[in-house]
Amino acid sequence: MPHLGRLAFFFCPRFHPVRRALSLLFLLSGVPALGYQLVWTRLFAVGLGHEMPALLAVVAAFFGGLALGALALDRPISRSSRPGTWYAALELVIGAWAFSTPYFIDLANELVIALAGVTPGALRFWSLAFVIPFVVLLPATLAMGATLVAADRWLRTSGHDGPTLTRVYALNTAGAALGVIAASAMLMPWLGFGNSVRLLAALNLLVGTLAIYCSTRLAAEPPPAAPARPPRRIGAALAACGFLGIAYEVLTVRAMAQVFEGTVYSFAAALLVYLLGTAMGAAVFEHRLRAWPARKREARLVVAVSTACVAGLGALFLAPQAYRALRRALGDSVLAVTTAESLMAATVLLPATVAMGALFCHLTERARHTRGGIGAALGVNTAGGLLAPPIAGLYLQPTFGSKWSVLLIAWAYLLLLPRPWAVPRWVPLLPFACALALPPALRIVTLRENERVIDYREGTLATVAVTTRPGERNLRVNNRFQMGGTSRQAVRIQRMQAHLPLLLHNAPRDALFLGVASGVTTGAALAHPGVRVDAVELVPESLAMLEHFASHNAGITRDSRATLMAADARRYAKSSETSYDVVVGDLFHPARDGAALLYSVEHFRAIQSRLRSGGLYCQWLPLYQMDVDMLRLIIRTFSAVFPHVEAWIASFDIEYPALALVGSEAPQRPDLARLDERITASATLQQHLAAAAIHEPRQLLAHFLAGPALLEDWSGSGAINSDDHPRLLFAAPAFTYERGQPPQRTLLALHEGIRQSSASGSVPSPVADARMQAMLDARDTYLGAVLRSGQRTSGEVMLGVIEAAGRSADFTLAYAYAVNVALQQSRRDPNQARHWLEALREARPERPEARRLLREFNQED
């Protein structure tokens, strides 16, 4: 068993009990580090408004603190005769400060919101984003920066004769990989963010306590001479490797976001691969590469990293097809999808990170062998990593695109060759050959038949594309999320998302729309006379695409009544001093990473503070993207803030059902006469509503689904969604990953549950009107039939629709649906179509369409 023996020696040198305990301590020490990074990123996203700025900020804060810690504490640790005591103290400091960070991050988020304002400029926002997390996390990250120095020195003074840096580095990095798994799969979903940090901090405190015990059991040798800085070339190479390695990670993770599902687990999968590759690189260096001559080893590693970066770029071009194949092979469970994302990330990241880990160990060992300590080497390396997030994320990727940015990194690695003239001539030509062989740009857009891209922009937060095919245009964000389109059905639903809440308010003057996308919903609000609109969109590139949809969004970019802002909806709600009559929240994809915070109780309270007396908040929910438990969670959270909550449906199309939760301080009491007056006052509004089969006020009110009592009874008691514990964030992926689900199943469960909860078995009318109640009864019969279309035969569905048509002459949708289905059936089964039309004629004898079609059938016979 030679390989097992070698592995055991690597992790447990000489099998000395205390030294094995040290190996375990170094492994456990790595677990909280990356766990902290994941959780702190989520906590800072509350103030910074999006996961990407929070990620860049926390990564930069980590590397800044690590660099300072390694540089500042290298000399005293390396001169100390008790490095074990130093190590224990550092772990205790990390644990103590990390334990308090949830409190300090809350204060920091409030400070960011106050200083940034509503629409901060790029310089102000990014300055705050990088400086404030750096300061808040500094005590912990500074101590982290010195732990590797102390661990390396401690193991060396414990009597172990061989090199120790690679062992400590590999153990610590392997622990970090375990931390990523534990934090993303268990701690955050089960405990929430604050408690996850506290548990990780407790692990640091445990490691520190055990380190005190171990330090008393091992003898220490006399302190060595004070270390100096590494040679200039080695130091420059270490700094460059830190910058280029993190820049490669930032760029490739942003590119893979257009392939992966975009959930909370997607980044964790990529980070896990990055850490495992780095740990493997350290192990490969220890067992395979150490015997090579130093200069030959360095040159080969530099070439390997550059070549692996080019190979990773090639893998990105093939990623969409490869990922789809993995999804088909592995299935739709959370584990299966996370495995597919991890395997896909491995093709892009693993070869490069293995080579990077080995190169880092080589350069750091050379620095120590020359001058003594490794703190300066670690310091310059992490200082280089500190610069990567702002430069790669804010400049390289938006300016040059993903392809050319990655190629620049590959070329830059070749500048680190100790003797460039000694390498084969093909090496520096490889990136150039790749640039010529690959397409001009890395544009990952999954296209349907006859679809093409007409505009494509890579931004800091997301990549946005506009696609077109006959009859429609669509807006795509990160390829995975469609944020609006111009098909007839999509436009009808998007316009109803504005008209319904505005008409429910008796006299709206100022409206706020959270989310702009293609602008169809926001533009529809301009059809209401006297209404002024503010609209907030997180992704600036989406605003730049609005002109592509000008024919459907009323040209909102040129209308003085509309003010469009590139800002975060949460930050705007907290920092704005403007009040509104109506606030409308867009259809936020619940599985999209970060969207769960837009359904949190804190966000709903911020919106409530922006409402005027008598104002209302309408939050649209994509029922086709959530299951029953998720819907119940959101309703409970919404109801915890707003005293009066109603549910309305955007349209009766079951393919993409959208539900509105309308919250207010008191019930909105619709006035039929006032509604009719407002509708007839705008020709554009009449046209929009007519497309949704709304010709008079009762047909609008037929979209009412339930009031507060029925919603409370159906949603039940239980947990709510909060910033600290966004349960929706971790529940949504499991539903989203399942393919082939009927989109109407959540609406069916809600509709049936509401009818069962109602004492009368039907939904009570929002106005005291017999015609209105009859129309709601017809609507319920219609929905009961079409929502079960997958469970019943077409004949059973049609009988229900015809029954609905007979219940109310005002609910014209049922009659129109029956006529259209009968007309389609006439081509396949004329007798069945004739039977349906005869039943429809009996149900609604005053309507001419069924009689006309029956006459045509008889003439053909």
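Mind listing the phi-derived Karplus ³J(HN,Hα) values for the range 819-832, rounded to whole Hz, using 6.51, -1.76 and 1.60 with θ = phi - 60°, and x for any glycine or proline?
Values per residue, Gly and Pro as x: 4, 5, 5, 5, 5, 5, 5, 4, 6, 9, 9, x, 5, 5 Hz.
Using a 1.4 Å probe on the protein heavy atoms, what percent of the accessible area of the range 702-861 belongs to carbon and sulfur?
So the carbon and sulfur contribution to the accessible surface is 48 percent.
Given a 1.4 angstrom probe, I'd like the percentage of the accessible area of the range 24-99 that is carbon and sulfur, rounded to a whole number.
Within the range 24-99, the accessible surface is 74 percent carbon and sulfur.
Per residue, how much accessible area does the chain have with a 1.4 Å probe, in Å²?
For the chain, the per-residue accessible area is 38 Å².
Tell me the accessible surface of TRP714 in square angstrom (1.4 angstrom probe, heavy atoms of protein chains only), to the nearest ten.
Probe radius 1.4 Å; accessible area of TRP714 about 20 Å².
Going by accessible area, probe 1.4 Å, with all protein chains left in place, what is the ranking of PHE62, PHE243, largest first?
PHE243, PHE62
On a 1.4 Å probe surface of the protein chains, which of HIS695, HIS751, HIS644 comes out largest in accessible area, and what is the full order?
The most accessible residue leads, giving HIS695, HIS644, HIS751.
Quick one: pull the percent of accessible area on the range 425-497 belonging to carbon and sulfur, 1.4 Å probe, ligands and nucleic acids left out.
Heavy-atom surface of the range 425-497 belonging to carbon and sulfur, 1.4 Å probe: 53 percent.
Would you please calculate the Kirkwood hydrodynamic radius of the range 476-589 over all C-alpha pairs and express it in Å, rounded to one decimal?
About 14.1 Å, per the Kirkwood formula over Cα pairs.
Mind ranking ARG327, ARG156, ARG827 by accessible surface for me, highest first, 1.4 Å probe?
ARG827, ARG156, ARG327
Answer with a single label: of (1) 118, 84, 52; (2) 103, 56, 54; (3) 85, 70, 55, which was calculated as Cα extents along the principal axes in Å from the structure in view?
So the structure-derived entry is (2).
Given axes a ≥ b ≥ c from the Cα gyration tensor, I'd like to know whether the range 704-763 is rounded (a/c under 1.5), prolate (a/b larger than b/c) or oblate.
Verdict is oblate for the range 704-763.
Counting Lys +1, Arg +1, Asp -1, Glu -1, what net charge surrounds ALA692 among other residues with beta carbon under 10 Å of its beta carbon?
+1
Using θ = phi - 60° and the Karplus relation 6.51 cos²θ - 1.76 cosθ + 1.60, list the HN-Hα couplings for the range 87-97 in order, rounded to whole Hz, with x at every Gly or Pro.
Ordered by residue, 3J(HN,Hα) equals 4, 4, 4, 5, 5, 5, 5, 4, x, 5, 6 Hz.
The values are calculated or read from the model by the stated rules, or taken from the named source; none is laboratory data. Computed from a prediction, not measured in an experiment: that's the story for all the values here. Cβ sites come from the backbone with ideal geometry, for glycine too, and all protein chains shown count toward neighbours. Remember, those area values only see protein heavy atoms, side chains included, never the ligands or the DNA or RNA. Shrake-Rupley method; radii C 1.70, N 1.55, O 1.52, S 1.80 Å.
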